[in-house]
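First the structure, in the form of structure tokens, and then the observations on it.
The values are calculated or read from the model by the stated rules, or taken from the named source; none is laboratory data. Since the structure is predicted, the reported quantities are computational estimates derived from the model, not experimental observations. We place every Cβ from the backbone using ideal geometry, glycine too, and count neighbours over all the protein chains shown. SASA here: full protein model, heavy atoms, side chains in, ligands and nucleic acids out. Shrake-Rupley method; radii C 1.70, N 1.55, O 1.52, S 1.80 Å.
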Number of protein chains: 4
Amino acid sequence: MQAIMKTKQEKGFEIKETKEPEVLHGTDVKFKIDVASICGTDHHMWVYDAWAQKRLPPAIPFIAGHEVGGTVVEIGPDVINIEVGDKISMECHEACGTCYQCRSDRMHICRNTKIFGVDKNGIFGEYAVIPELNAWKNDPDLDPALASLQDPLGNAVHTVLPKGLTADEGIAGKNVFIAGCGPIGLMSIPVVKMFGAAQVFASGGGRNMQRLEMAKQLGADMVLNAREEGDKIPRIVRDATDGNGVDVLLEMSGNVHALRQGLEALTYGGRVSLLGFFPGPIEFDINTLMVSKGASVYGIAGRRMFQTWQVMRGILKSNEFQKQLKKLITHRVQMTEWEKGMIEIDEKRAIKVVMDPFK
Amino acid sequence: MQAIMKTKQEKGFEIKETKEPEVLHGTDVKFKIDVASICGTDHHMWVYDAWAQKRLPPAIPFIAGHEVGGTVVEIGPDVINIEVGDKISMECHEACGTCYQCRSDRMHICRNTKIFGVDKNGIFGEYAVIPELNAWKNDPDLDPALASLQDPLGNAVHTVLPKGLTADEGIAGKNVFIAGCGPIGLMSIPVVKMFGAAQVFASGGGRNMQRLEMAKQLGADMVLNAREEGDKIPRIVRDATDGNGVDVLLEMSGNVHALRQGLEALTYGGRVSLLGFFPGPIEFDINTLMVSKGASVYGIAGRRMFQTWQVMRGILKSNEFQKQLKKLITHRVQMTEWEKGMIEIDEKRAIKVVMDPFK
Amino acid sequence: MQAIMKTKQEKGFEIKETKEPEVLHGTDVKFKIDVASICGTDHHMWVYDAWAQKRLPPAIPFIAGHEVGGTVVEIGPDVINIEVGDKISMECHEACGTCYQCRSDRMHICRNTKIFGVDKNGIFGEYAVIPELNAWKNDPDLDPALASLQDPLGNAVHTVLPKGLTADEGIAGKNVFIAGCGPIGLMSIPVVKMFGAAQVFASGGGRNMQRLEMAKQLGADMVLNAREEGDKIPRIVRDATDGNGVDVLLEMSGNVHALRQGLEALTYGGRVSLLGFFPGPIEFDINTLMVSKGASVYGIAGRRMFQTWQVMRGILKSNEFQKQLKKLITHRVQMTEWEKGMIEIDEKRAIKVVMDPFK
Amino acid sequence: MQAIMKTKQEKGFEIKETKEPEVLHGTDVKFKIDVASICGTDHHMWVYDAWAQKRLPPAIPFIAGHEVGGTVVEIGPDVINIEVGDKISMECHEACGTCYQCRSDRMHICRNTKIFGVDKNGIFGEYAVIPELNAWKNDPDLDPALASLQDPLGNAVHTVLPKGLTADEGIAGKNVFIAGCGPIGLMSIPVVKMFGAAQVFASGGGRNMQRLEMAKQLGADMVLNAREEGDKIPRIVRDATDGNGVDVLLEMSGNVHALRQGLEALTYGGRVSLLGFFPGPIEFDINTLMVSKGASVYGIAGRRMFQTWQVMRGILKSNEFQKQLKKLITHRVQMTEWEKGMIEIDEKRAIKVVMDPFK
């Protein structure tokens, strides 16, 4: 079969002819790729940046990609809850199941995780084989392009709803500040609206007007240009919230200024989810901004296996929510044209690029 | 001033001329009644049923009513966060502040609670005086009729979001079964929709088609006639939820059959809120329906002081939600015509009756 | 090898020569039984009571038993976190891993569960083979007899700490009422003491003075004879708790009177765990005892996989706790003498019976 | 009456004759001081350091002190749950009751807080008057010296049990790392032991061997000298916890190295409470140490009003716990000798100094 592969320890991917994967274990599920979408991680690997150089396994070549909608074509004898013909997506983290984290409802931060499309073959091909546990059965009539977006949408949902929250710390009726309007930050806007947020504030980097524009279209009540408003942001947000500040801060930018502004805009006893990737150590006044404020701060990695997916199944039943999510698909290409999509991402013209399968 | 009062230990209310209340304590807030609505409790007191005969204080006469939207006209010297001219509603439970429950974030189930309009004068008059703590400042442009509905809406919101829930047990993306379509059951439908529920099932008593019709208009995905479907309800609900059953049961009926059916329709490890009033002891198979099912069951009394109100402030910012809530106001009368409204409730033609003020 | 087997659909077990189990799957773990203990479930199967007649699979004969301490002798090629020589115990519920419950941190109430020693071969033999997931690695120096008790101890710990609790609803500094002094009720006493309970009340059935005596030795602050005190119990408990009642009720008896008394003794907003098995439908005043009380009630089944085990690992590090737990081992026999142990249980002279292995 | 007062905006306190306070409001409670203890805050005010210069109100002179055990001598007419003769301690934060935080179970971080002994008269005198809400009724037979320690003990308990935790994130059976052995860090050791911690690691600054010695006496399983072990601490801790790291980090030092080491020693998905005061902005690798680790981090301010006090009432029922707490009282003087006590603290020879009353 054909596949988009990382073949060398340098910039680039290439399309290769490779062996079709087979059902080898009792719990294996084989599926045909119907749609794939491109993740920031794929872009990092293509660019071969510092992160990729450090992270990529020696075992190159491998098939890239992990955001997918597909159809099951074969199952192993021990598969229980998936059938041939089922429409599925894929949880890209393969957990060991028996480490300390896996045994305490933290499988998404398993100490022995392998990621499909990074540590082993992914889904930018014609077929893929994964364990039943990693196969997520979609509603049969869900658009495969939306099904494929569940990977980043899951990051958004998990950031919005980290584990262990009490009802008070939920989203219903709360004011929310989303710092950073990348794909996942943008997705968070309809997510928190769907969960009953009162007012949603979104801030973004400034040059990229398209993203702030999109934030507005997705339902943000106030969009803040970080380049122009800068340190005035906390005051603007507090003024719009009876002087209290927001209840929830979703840090999606990996920018220390945004983090500081967000924490200043947070109400006493508010909560914070940190998803953004900070490229190096950061400096801030933890005493004023976290400790004496009585803040609750959650580091976010991946998405919960599989409570986050269950929440996604529920919210994807809403036509209104599907409509919002579709807006984020700014480009759609054939897999053979993958490079075109990658360049749109590289030049920050694309939010999400969806690819139709080979053939 | 004029007021609708309970004057005798028998059926009925009457309009009387009575002394206008005064600011006596430093933390007192005096307000003009702009709108009042009639609660089921008012109806019980009017009918003077078994509950009322047992519950009413000897200190009759008193002013009835506790659902209200008003405007502050005077404040005591120790009032901090309320000003003259503020638009307010009222939390009707006056808590002692220092008992075991009050000192552990359970002020709504204070052991020394007094209820305005039951244990002391209420708001079916021209003015009322309450402590600052019981005064809830509304957004200034909120329709006073909707402001008044926050009392029963608060019961709905608290039933939907009891304290101590983890995110998994929230509403976002969950399937919800609402057993009972009285005013609070009906209000719960737009509430859970607002909080991101996946599918909402609502069941009701059967004869009263108006309520099941209303449930549909408020957004229920499936409406079940308990009279006709009866014991088939659990199967119907499971069939519509991939065989899993619902994640959340809101028991709003006080009917043991509805409780049993709801518990049968609940998924393993699901959660239940009990708000409905059961007139006497009930019998059911607790072993099968709660214990081995690993269910979490929450008894609901009142509404949280004041987290529930904070959630309401947030969701009332949504025009869509306001629109749904308004549908429940089926009748609007002058306070002088209170008896007309009461009869509409008595004959089950009204859902909520809103009253405009004297003069 | 030899094994104690259920061989017929009638009362009794018998020792048989049977095939030693083998490592067949990649994730299989084979272990030598060092110690086994007898569970109430084993007793039910031996008696062949109504529950057993309904529950036992047609596939008789099978090896009974599921409480065990053993030593790993062989592992399959896909085993990651267990090695030959490791000391292990066994989680007796084999979950499917991919149903709705398994995918939402409720693996212990999996819809496709199979139980070792009931639905398939157990551990009353010389060797057993189980998936790595079901093998729980013990501290190497833990007494195998205590290791074996982790199965019922896990029920106790899970009853004490059901999922989703907030800190307020924890045990530290709380007053706790344990209704029922069977083996698991008794185990709960040192567990809640270990977790920082303030006062512990324990009630028991009356005739069996040994159990109430044991409750006292295990640290209960007040022991209540349900036969003698009866309906005075709620008042006695409230008097000893500043009139507030207990914060936590652990229902371990399956007796409706005990449930009612416990709920009456509960403070407003308190919490309840239900573990006891009620033989049929029960009747009680749910309105007064749960709803208006604002109680939180948790049905308990099994033990969490594997957070409960992780908690047990921690508390078993305490010598003081081990000392208390050992008191519950009232009888110790050879596996060949299993019938002697069973009769001690049958005649209610034994609390826990531990068996040393064949040979 | 006599009182130890802050009389000038410079270093020092002095004993003055001042007016005995009176019951002025309906909810006032007047009490006789039986015992007072000296807090780090008192020491800061005495030294008149940078914090004190910034924080102290212009309204000098005022009576210092807020850690107290006393006896009620008079109550106002609206006091409900306190009587003359009751033994009480004092919650030193006077909250407004109606701000956003007060209305959402976060009264301890009220936006309008005033602190007794800082913003208004404290308890280093013969009598004091406070609202009923701030009076905490002790068990009548509790040693007043221990009663007085409930103020810092409350900080410890609140750090150990911040709000909103699920059972998994509790203390029972968990491994805990306490970074910093000041009075509150030391108090945390018997607290977490009382709550069922598995292993307790405590680290301290190095020069002060007395404190590390005390940590051991209070039950720490491993004591780490930060001066000597430094960056080896994370590895030492992981080695002692099966390679997993600790479940809970209590940051009590306000030292960035200790914070970094503690976060490195934390297991994936573990939780952190931050109580230590960091004198300025800090720098650390938030990405590795919080975000990708999936850590939950809680800023801690004060103690919960009044759930923390309720937990303290419970654990103070244990003689064993009282015994441990008493060890921390290293010095006991008369109020007239306050300066002697203060100097012992200043020279770091004292852990807690308790003062007996004037006369």
Solvent accessible area, Å² - residue A:231, 1.4 Å probe, full protein context: 130 Å²
Average Cα contact separation per residue, the range A:162-299, under 8 Å, 6 or more apart, as relative contact order %: 23 percent
Calculate the dipole size of the range D:162-299 relative to its Cα centre from +1 charges on Lys and Arg beta carbons and -1 charges on Asp and Glu beta carbons; express the result in debye to the nearest 20. 260 debye
Find how many whole Å separate the alpha carbon centroid of the range A:1-50 from the alpha carbon centroid of the range C:41-78. 46 Å
Chain C: DSSP helices with Cα axial extent of at least 15 Å and average Kyte-Doolittle hydropathy no lower than -0.5: C:183-194
Taking the axis of the rotation relating chain B to chain D, the B residue whose Cβ comes closest, together with that distance in whole Å, is B:105, 2
Between residue D:111 and residue D:347, how many nm apart are label points set 7 Å from Cα along the C-beta direction? 4.7 nm
Estimated FRET transfer efficiency (residue D:59, residue B:23; beta-carbon r; R0 30 Å; 0.05): 0.55
Go ahead and collect, in residue order, the members of the range B:279-299 whose backbone nitrogen is under 15 Å from a label point 7 Å along the Cα-Cβ direction of residue B:51. B:279-281
Mean-square fluctuation check for chain C, GNM, Cα pairs under 10 Å: which of C:333, C:129, C:157 is largest? C:333
Would you please state which residues of the range C:22-66 a label at residue C:332 would reach in this model, taking the label point 7 Å out along Cα→Cβ and a backbone N cut-off of under 16 Å? C:34-38
Against the 2.2 N^0.38 Å scaling, with N counting residues, where does the protein assembly as shown land? I'd like the Cα-based Rg ratio to two decimal places. 0.92
Over all Cα pairs of the range A:40-96, the Kirkwood radius sets Rh, and Rg/Rh then becomes 1.09
Normalised per residue, the volume inside the convex hull of the alpha-carbon atoms of the range C:168-236 in Å³ amounts to 77 Å³
For the protein assembly as shown, what does the accessible surface come to per residue with a 1.4 Å probe? Please give it in Å². 35 Å²
Value of [θ]222 nm, deg cm²/dmol, for the protein assembly as shown, DSSP H segments ≥ 4, -39500 (n - 2.57) each, nearest 500: -7500 deg cm²/dmol
For the range B:162-299, convex hull volume per residue from C-alpha positions, Å³: 101 Å³
Cα-Cα pairs above 18 Å in the range C:245-354: how many percent? 66 percent
Between residue C:210 and residue C:340, the FRET efficiency computed from the C-beta separation at R0 = 25 Å comes out, to the nearest 0.05, as 0.85
When each copy gets a label point 7 Å from Cα toward the beta-carbon at residue D:83, what are the spacings between them in nm, shortest first? 4.6, 6.6, 7.1
Suppose we keep just the DSSP beta bridges with both residues in chain A; what percent of those would be antiparallel, to 5? 50 percent
5 Å is the cut-off here: which amide hydrogens, built 1.01 Å from N in the peptide plane, fall below it relative to residue A:74, excluding neighbours closer than 5 in sequence? A:30
Please list, or write none, the aspartates and glutamates whose alpha carbon is within less than 17 Å of the alpha carbon of residue C:30, excluding same-chain residues fewer than 8 places away. C:20, C:22, C:67, C:74, C:78, C:83, C:86, C:91, C:94, C:126, C:132
Could I have the simple spin-label model distance between residue B:139 and residue C:242, label points 7 Å from Cα toward Cβ, reported in nm to one decimal? 4.1 nm
Let me know the Kirkwood hydrodynamic radius for the range C:98-170, please, with Cα pairs as the basis and the value in Å to one decimal. 14.9 Å
Buried area at the B-A interface (accessible, heavy atoms, 1.4 Å probe, summed, Å²): 1700 Å²
Label spacing, shortest first and in nm, from residue B:32 to its equivalents in the remaining copies (7 angstrom along Cα→Cβ): 5.5, 7.3, 9.1
Partner aspartates and glutamates for residue A:323 [C-alpha distance under 16 Å; skip if fewer than 8 residues away on the same chain]: A:141, A:143
Virtual spin-label span in nm between residue C:222 and residue D:217, 7 Å along Cα→Cβ: 3.6 nm
So, in Å, what gap is there between the alpha-carbon centers of the range C:128-160 and the range C:298-332? 8 Å
Post the alpha-carbon centroid distance, the range C:226-246 to the range C:335-359, in whole angstrom. 36 Å
Pairs of alpha-carbon atoms within less than 8 angstrom and 6+ residues apart define the contacts here; what relative contact order does chain A have, in percent? 16 percent
Return a whole-number percent for the relative contact order of the range D:13-138, with Cα pairs under 8 Å and 6 or more residues apart as the contact set. 34 percent
Taking residue D:16 as the anchor, which lysines have their alpha carbon closer than 19 Å to its alpha carbon, excluding any fewer than eight residues away along the same chain? D:6, D:8, D:32, D:120, D:340, D:359
Placing +1 at every Lys and Arg Cβ and -1 at every Asp and Glu Cβ, with all other atoms neutral, what dipole size does chain D have around its Cα centre, in debye to the nearest 20? 480 debye
Taking the label point as lying 7 angstrom from Cα along the Cα-to-Cβ axis, what are the distances from residue D:320 to the corresponding position in the remaining copies, in ascending order and in nanometres? 0.1, 5.6, 5.6
Along each principal axis, Cα extent of chain D, largest first, Å: 61, 40, 39
